[in-house]
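Visitor: Submitted below is the structure of interest, expressed as structure tokens.
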Amino acid sequence: MSQRFTIPGFTLPGFFSTIGAHLPQWPHSLALATALNAAARTGLLPADTLTQLEGRSFVVEVLDAGSVASFVYRNGLFRPLLTVPVTPDLCFQANLSAFLQLLARQEDPDTLFFRRELSIGGDTELGLLVKNMLDAIEWPQLPQLSLFRR
């Protein structure tokens, strides 16, 4: 009998955002850009959609962690930005649990948006393009892990 792990809705304690906001943010940008480039190289992100992101800037803000990642797609690569753009082309804001639920495909962006757990700002058409691109990702199947084997 397999049990599916679900990510509960939660909010990190307030001191995380207080401390997080005082830490350098560029490591978040570098990590996210690196992960997105790896996803693009392995074919998880469709190349035809990626070309439509050319020159566009993005911000992902994890509200309850006090962290911000910003990056731009330029010349076929996601590139971290060392400073957060004042008016990015697209901005996503949510608590950590909402982003984890999206990543695990436990919740879809529309549900989180209408429950006001995910805020999307900027270019509406670009937001729809990114949403559809993320929805189309075919995650590879991971082997089922069993803690107890007979």
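Visitor: Considering only the stretch 77-110, state which residues are among the β-branched types (Val, Ile, Thr) and surrounded by 14 or more Cβ atoms within 10 Å (Cβ to Cβ). So that I can check it myself, show each step before the final result.
Guide: Looking only at the stretch 77-110, we keep the residues that are among the β-branched types (Val, Ile, Thr), and these are 83-84, 86-87.
The one that is among the β-branched types (Val, Ile, Thr) and surrounded by 14 or more Cβ atoms within 10 Å (Cβ to Cβ): Val84.
Visitor: A further question follows. Here's a check for you: in the stretch 114-128, which residue that is within 19 Å of Ala40 (Cα to Cα) and at pLDDT below 95 is nearest to the chain's Cα centre (by Cα)? So that I can check it myself, show each step before the final result.
Guide: Quick first cut of the stretch 114-128, residues within 19 Å of Ala40 (Cα to Cα) only: 126-128.
Then drop every residue that is not at pLDDT below 95, which leaves 127-128.
Values: Gly127: 13, Leu128: 14 Å.
The extreme case among them is Gly127.
Visitor: Additional query: What tally of residues in the stretch 21-39 results from selecting those that are within 12 Å of Phe71 (Cβ to Cβ) and either more than 18 Å from the chain's Cα centre (by Cα) or part of a helix (DSSP H, G or I) (or both)?
Guide: Here is the first cut: in the stretch 21-39, the residues within 12 Å of Phe71 (Cβ to Cβ) are 25-26, 28-37.
From what's left, either more than 18 Å from the chain's Cα centre (by Cα) or part of a helix (DSSP H, G or I) (or both): 26, 28-37.
Residues that pass the stated criteria total 11.
Visitor: With within 18 Å of Glu125 (Cα to Cα), of a type in the set (S, T, N, Q), more than 14 Å from the chain's Cα centre (by Cα) and part of a helix (DSSP H, G or I) as the only criterion, which of Thr18, Thr111, Thr87, Thr49 stands out? Spell out how you get there, then give the answer.
Guide: Working: Thr18 fails: within 18 Å of Glu125 (Cα to Cα); Thr111 fails: within 18 Å of Glu125 (Cα to Cα); Thr87 fails: part of a helix (DSSP H, G or I).
Only one candidate passes the filter, namely Thr49.
Rundown of residues vs (1) free of Cβ contacts under 8 Å to residues at least 24 places away in the same chain; (2) not polar (S, T, N, Q), yes/no style:
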position	(1), (2)
Ser70	no, no
Arg79	no, yes
Thr83	yes, no
Ala104	no, yes
Asp108	no, yes
Leu128	yes, yes
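Visitor: Here are the criteria: (1) in contact (Cβ under 8 Å) with a residue 12 or more places away in the chain; (2) more than 15 Å from the chain's Cα centre (by Cα). Tell me which single one Asp64 does not satisfy.
Guide: Going through (1) in contact (Cβ under 8 Å) with a residue 12 or more places away in the chain; (2) more than 15 Å from the chain's Cα centre (by Cα) one by one, Asp64 breaks only (2).
Visitor: Could you give me the residue pairs with C-beta distances under 8 Å whose first residue belongs to the stretch 37-60 and is crowded, with 17+ Cβ neighbours inside 10 Å, whose second residue is acidic (Asp, Glu) and outside any helix (DSSP H, G or I) wherever it lies, and which are 6+ apart or on separate chains?
Guide: What qualifies is Arg56/Asp89; Arg56/Asp123; Ser57/Asp89; Phe58/Asp89.
Visitor: On to the next question. Keeping to the stretch 62-107, report how many residues are among the charged types (D, E, K, R) and either at pLDDT 95 or above or closer than 14 Å to Trp26 by Cβ (or both).
Guide: Filtering the stretch 62-107 down to residues among the charged types (D, E, K, R) leaves 64, 74, 79, 89, 105, 107.
Next cut, either at pLDDT 95 or above or closer than 14 Å to Trp26 by Cβ (or both) only: 64, 74, 79, 89.
The total comes to 4.
Visitor: If a residue must be among the aliphatic types (A, V, I, L, M) and modelled with pLDDT of 95 or more, how many such residues does the stretch 41-61 contain? Explain how you work it out, then say what you get.
Guide: We begin by selecting, within the stretch 41-61, every residue among the aliphatic types (A, V, I, L, M); these are 44-45, 47, 50, 53, 59-60.
After this cut, where a residue has to be modelled with pLDDT of 95 or more as well, the list is 50, 53, 59-60.
Residues meeting the conditions: 4.
The values are calculated or read from the model by the stated rules, or taken from the named source; none is laboratory data. This is a predicted model, so every value here is computed, not measured. Neighbour counts run over all protein chains shown; Cβ positions are idealised from the backbone, glycine included.
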